[in-house]
Amino acid sequence: MTADSNPALLDTEGPKGPKGPGAGADPVQAGAAPARGPRARDTRAYLLYAAGKIGGAAVSLFAVLVTSFFLFRLIPGDPVKQMTGGKRVSAEQLAAMRKEFGLDKPVMTQFFDYTGNVLTGDFGTSYQFHAPVMDKITEALPATLLLTGTAYVLYTLIGIWLGTRTAWRNGRLGDRLNTGLALTLYSVPSFWLGLLLIITFAVGIGPIPGMFPTGGLESGGETGFAYVVDVAHHMVLPVITLVAVGYAQTLLVMRSSLLDEMGSDYLTTARAKGLRDDLVRRRHAVPNAMLPTVTLMFVNLGTVVAGAILVETVFSWPGLGGLFYQALSVPDLPLVQGLFFVFSVAVILMNTLADVIYPLLDPRVGR
């Protein structure tokens, strides 16, 4: 068989030149085919990854909705009798109160009513305050954000800074002291530390006089700049309590992440190029070591809304944490359920946001 009789053997070197007006054009620019390749595959994989995380968050929210309704009904005590304050009340009056709050209906009927109301933002009416639950939450939310938000910013910055320095000076005296202190504070219960600070710096002990209020948001009667100073004075001890526990966790995570990066080849290459040690740390090591810390920051950001129930209770802080404790003592079921749902939503949303953003920081995730 000759080349002339087999078209497959003709022109083995490929086309010698253009065959027509657009033969040399880029097929993508010419609109001949849709975009394909690694970038398109990465985008599709990321969208599937994000959709899975959002779907998981929706399932978690439904589980929280169910849990918030049934769990707190296991708390011993009759909320209607608790609302009477121990006074003698007739059976007819108790029955009327149960009917008023819908407690005379079957449990499943109450659950379906509760679910429908929550979807519209209605958490019901508080038993003890006789006010809409959402109004009580919005009333206490600013105090919680002021306290926990201030503590969050401080312990995040302190934890990242100290975690970076201790890891870079691994094994030295400062590293051992900072790590030991962080481990100790991380193990201490926050309410116990708060009580210790109140005894030492609010009540006074030995030569140390009482310098700070024992609790509350303000002394009352102050206006203008004096009011700001008064609130800041009341915030000192609870903020120190939250920062002491929170910074320890951030420090330990940041230190561990940076230690994992310090033996990497790219740091050796950066030093070989003549970069100073502080530049190697700031420009190369710390950005990569920040990834686990970023996740922790988002998780902690969710707990900012949830507040610190024990710390707020110890310092009589008028926030969501203290409100939750009051609601549990009745039990005020609508208020407890509403607060628990809001706390859980904040944590779930922040976790989901961290999961969605993380692949943008580290492309290896979600593929």
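General remarks:
- Contact order relative to length of the stretch 206-344, as percent, for alpha carbon pairs under 8 angstrom and 6 or more apart: 23 percent
- Rg ratio (alpha-carbon, reference 2.2 N^0.38 Å) - the stretch 273-351: 1.70
- The trypsin sites (Lys or Arg not before Pro) of the stretch 169-208 that DSSP puts in a loop, and whose beta carbon has at most 15 other beta carbons within 10 Å, are Arg169, Arg172.
- Per residue value of the accessible surface for the stretch 210-367 (all protein chains in place, 1.4 Å probe), Å²: 45 Å²
- Heavy atoms of Arg276: accessible area, 1.4 Å probe, square angstrom to 10: 140 Å²
- Remark on Thr125: its backbone amide H falls under 5 Å from those of Val133, a criterion applied only to residues 5 or more positions apart or on other chains, H modelled at 1.01 Å from N.
- Projected area averaged over orientations for the stretch 82-201, convex hull of C-alpha atoms, nm²: 13.4 nm²
- Per-atom-type breakdown for the stretch 248-306 gives carbon and sulfur 55% of the accessible area (1.4 Å probe, protein chains only).
- Portion, in percent, of the accessible area of the stretch 100-237 that falls on carbon or sulfur, probe 1.4 Å: 67 percent
- Remark: the Cα gyration tensor places the stretch 132-182 in the prolate category, a/c being 1.5 or greater and a/b exceeding b/c.
The values are calculated or read from the model by the stated rules, or taken from the named source; none is laboratory data. Only a predicted model underlies this, so the values are computations on that prediction, with no experimental measurement involved. So basically every Cβ, Gly included, is an ideal-geometry build from the backbone, and we count neighbours across all protein chains shown. Just so you know, the surface numbers come from the protein's heavy atoms only, side chains and all, with ligands and any DNA or RNA stripped out. Shrake-Rupley method; radii C 1.70, N 1.55, O 1.52, S 1.80 Å.
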